[in-house]
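See below for the structure under consideration.
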Amino acid sequence: MRAAIVMPAWLPEDIFPTKTAKAQVNYWQPLGVLYLAASLREAGHEVKFFDGSFLNHDEVIQRIKEFDPEFVGIYANTALWKKAVKTAEDIKKVSEASVFAGGPYPTAMGEKALTEAPALDAIVAGEGELTLCEALERLEKGKSLDGVKGVIYREKGRIIKNPPRPPIENLDALPFPARDLLEDKNLYVPPAGTYRRKPVAIVMTSRGCNGRCIYCYQLTGERRIRYRSVENVLEEIEFCLEQGYREIRFLDDTFAGDYSRAMRIAEEIKRRGLDVTWFVSARVNQVDEPLLKAFRRAGCWAIFFGAESGVQKNLNALRKGITLEQTRRAVKAAKRAGLKVVTAFIFGIPGETYEEALKTIDFAIELDPDFVNFHTMTPFPGTELYDRASELGQMSSRWEDFTFEGAAFIPHTMTKEQIEELRRIAFKRFYSRPRYILRRLLGIRTLDDFKLVTRGLKSLFWIWMREDVFRVAPPSNQNVNK
Ligand code: B12
């Protein structure tokens, strides 16, 4: 079959304040859909990927019309859902193709998603590689989708939900993501300051997380990690280097869930002498100095820690399973290992007060990482926080707010205005420190570094100038999403 995979058209301004959008926007490769495309291609289908990150809506529809596919698959997370629904509607106006959707939102919402999107023929819940190949085999033969695990479909006006697709156990068996389908790999640039060399490939060496954070969306809903073999991971890294990539961003929810495996991956990259720089994320209670030094020796230059809060009570409210001391130790160890450190914090945690949030800003300054981000609490469908939102606070009715940047959730203990003000105070206090600015200026080595600092100073200027820089539309009637 001719199969098209689509990322709905979206703009940085849909997510970030206009003044800082360019500095904040992130264009990691959409790994999930590239995995899908690779499995469909391996099954013999002709596949094209149309990325609305770089095409506007009309261009996406026009590309579909030109390709004239028999199948179209649309990616949707919560923030993109309404755009995905519109994309399906307009595709149906120009094509006879079967149109499916998949990704975080359809997976979390199931039948409800199909009810909300009359133009969709079906949705795929969970991992799509095996499910979609089986579904297209049925479509090709003109057969019903009855029994295809993971599919929820329409038949004779009824919505039928098949049993769920179990998580893929043997991840090594999956073909590597079809990165060659990206029109221009140089467009996929991570946020400023979080890459050293370009182009950057996104790699996941495992799926899932054994943490139990109440706000974290997990595709398969499980609380365990499925690992690829070290050999399979190294093969993919070498494949990326052959394709001209120079840096890898590992996007495992936690790269060091298995300490010795993480050490073996780093040692094998070093032993093979691969010319690759890399950036990784890990939980603060899963790393130590010897591991981080091994990462550094193997080309790792930076690490991301989800620090979340500077108040233990609020870390416990998130059920993050870490302590402030572990965060301090991990950041110190990363610095001693010579790694750049990036941390993220959340404002609007259930039960958090304005005064406690100010302590989180103090904690961020005490840790003094190289970059910090301050997000807003976001109760994604499919998470415990979403299910308990009305008990813990007020949830927005606009899916567009579900971006870590919007007012998707306001705890009973704070106001929306306080959260906006806290974000402004936080970015202002952290990035306006003369010692920090001097460190950034003295750290300029390349043109990219220079651009990064000027863009950062520009954003800082707006954060100082505009009281409303982080102001977003107030949440209207609560819980109408339910
Ligand atoms: C890479 C990434 C991006 C990239 C690329 C877009 C993308 N989503 O791939 C960029 C940087 C552009 C991005 C942006 C954003 N992202 Co993002 N992103 C991720 C990340 C880190 C990895 C995605 C991935 O490859 N996962 C691994 C694969 C295996 O899973 P998958 O993508 O879900 O795909 C599988 C299935 O869902 C299914 N599937 C997926 N698509 C389709 C389509 C069809 C037709 C079918 C049948 C099946 C199917 O099959 C795939 C293979 O098994 C995830 C976190 C995560 N661990 O998943 C967050 C995540 C998806 N992002 C999230 C968010 C909130 C955003 C932003 C709003 C954040 C922001 N402030 O910028 C923006 C929104 C703009 C946008 N275009 O999405 C949330 C979504 C939560 C939710 N429930 O809605 C996540 C889950 C992070 C989190 N922990 O909360 N993101």
Task: Selection from the range 235-268 of residues that are in a helix (DSSP H, G or I) and not acidic (Asp, Glu) - done: Ile237, Phe239, Cys240, Leu241, Tyr259, Ser260, Arg261, Ala262, Met263, Arg264, Ile265, Ala266
- [ ] Go through the range 84-111 and give me each residue that's crowded, with 22+ Cβ neighbours inside 10 Å and in contact with a His (Cβ under 8 Å, 6 or more places away or on another chain).
- [x] Thr87
Open item on the list: Among the residues of the range 305-329, what is the count of those that are part of a loop (DSSP other than H, G, I, E, B) and surrounded by fewer than 18 Cβ atoms within 10 Å (Cβ to Cβ)?
Closed with: 3
Task: Unique residue being more than 30 Å from Glu391 (Cα to Cα) and modelled with pLDDT of 95 or more when the list is Val311, Val331 - done: Val331
Task: Residue list for the range 413-434, filter: in contact (Cβ under 8 Å) with a residue 60 or more places away in the chain and either under 20 Å from Gly221 (Cβ atoms) or open to solvent by 30 Å² or more (accessible area, probe 1.4 Å) (or both) - done: Thr413, Gln418, Ile425, Arg429, Arg433
Open item on the list: Looking at Tyr105, Tyr195, Tyr153 in this structure, which one is touching a helix residue (DSSP H, G or I) at 6+ places or on another chain (Cβ under 9 Å), more than 23 Å from Leu80 (Cα to Cα) and among the aromatic types (Phe, Trp, Tyr)?
Closed with: Tyr195
TODO: Would you mention how many residues in the range 135-177 are out of contact with any Asp or Glu (no Cβ under 9 Å at 6 or more places or on another chain) and among the hydrophobic types (A, V, I, L, M, F, W, C)?
DONE: 3
Open item on the list: Residues to consider are Arg207, Arg179; find the one that is more than 11 Å from the ligand (Cβ to nearest atom) and not hydroxyl-bearing (Ser, Thr, Tyr).
Closed with: Arg179
Task: Any helices (runs of 4 or more DSSP H) falling wholly within the range 67-135 and containing at least 2 residues that are within 11 Å of the ligand (Cβ to nearest atom) - done: 81-94, 104-109
Open item on the list: Can you tell me which condition Val372 does not meet? The list is (1) in contact with a strand residue (DSSP E or B) (Cβ under 6 Å, 6 or more places away or on another chain); (2) free of Cβ contacts under 8 Å to residues at least 40 places away in the same chain, and all the others hold.
Closed with: (2)
Open item on the list: Can you list residue pairs whose Cβ atoms sit under 6 Å apart, with the first residue in the range 199-219 being farther than 11 Å from Asp252 by Cβ and the second being of a type in the set (Lys, Arg) and buried (at least 21 other Cβ atoms within 10 Å of the Cβ)? Count only pairs 6 or more apart in sequence or on different chains.
Closed with: Val200/Arg249; Cys213/Lys320
TODO: Return only the number of the condition from (1) more than 16 Å from the ligand (Cβ to nearest atom); (2) touching a residue at least 40 places away in the same chain (Cβ under 8 Å); (3) under 23 Å from Pro17 (Cα atoms) that Ser390 does not satisfy.
DONE: (3)
Task: Candidate set: the range 1-25, residues that are assigned to a loop (DSSP other than H, G, I, E, B), more than 8 Å from the ligand (Cβ to nearest atom) and touching a Leu at 6+ places or on another chain (Cβ under 7 Å); chosen: the one least open to solvent (accessible area, probe 1.4 Å) - done: Ala9
TODO: Would you mention how many residues in the range 26-54 are in contact (Cβ under 8 Å) with a residue 60 or more places away in the chain, assigned to a loop (DSSP other than H, G, I, E, B) and more than 8 Å from the ligand (Cβ to nearest atom)?
DONE: 3
TODO: Report yes if some residue within the range 58-72 is open to solvent by 60 Å² or more (accessible area, probe 1.4 Å), closer than 30 Å to Asp253 by Cα and either modelled with pLDDT of 95 or more or hydrophobic (A, V, I, L, M, F, W, C) (or both); otherwise report no.
DONE: no
- [ ] Take the residues in the range 183-201 that are buried (at least 20 other Cβ atoms within 10 Å of the Cβ) and within 12 Å of the ligand (Cβ to nearest atom), then tell me which one is modelled with the lowest pLDDT.
- [x] Thr194
TODO: For the range 55-66, indicate whether the set of residues that are among the basic types (Lys, Arg), closer than 25 Å to Gly193 by Cα and in contact with a helix residue (DSSP H, G or I) (Cβ under 6 Å, 6 or more places away or on another chain) is non-empty.
DONE: no
Open item on the list: I'd like the residue in the range 345-355 that is in contact with a helix residue (DSSP H, G or I) (Cβ under 8 Å, 6 or more places away or on another chain) and over 20 Å from Arg388 (Cβ atoms) and, out of all such residues, is most open to solvent (accessible area, probe 1.4 Å).
Closed with: Tyr354
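The values are calculated or read from the model by the stated rules, or taken from the named source; none is laboratory data. From a predicted model like this one, the values you see are computed outputs, not experimental measurements. FYI the Cβ positions are ideal-geometry reconstructions off the backbone, even for glycines, and counts take in every protein chain you see. For the accessible areas, the whole protein counts, side chains as well, though only heavy atoms, and no ligand, DNA or RNA atoms are used. Shrake-Rupley method; radii C 1.70, N 1.55, O 1.52, S 1.80 Å.
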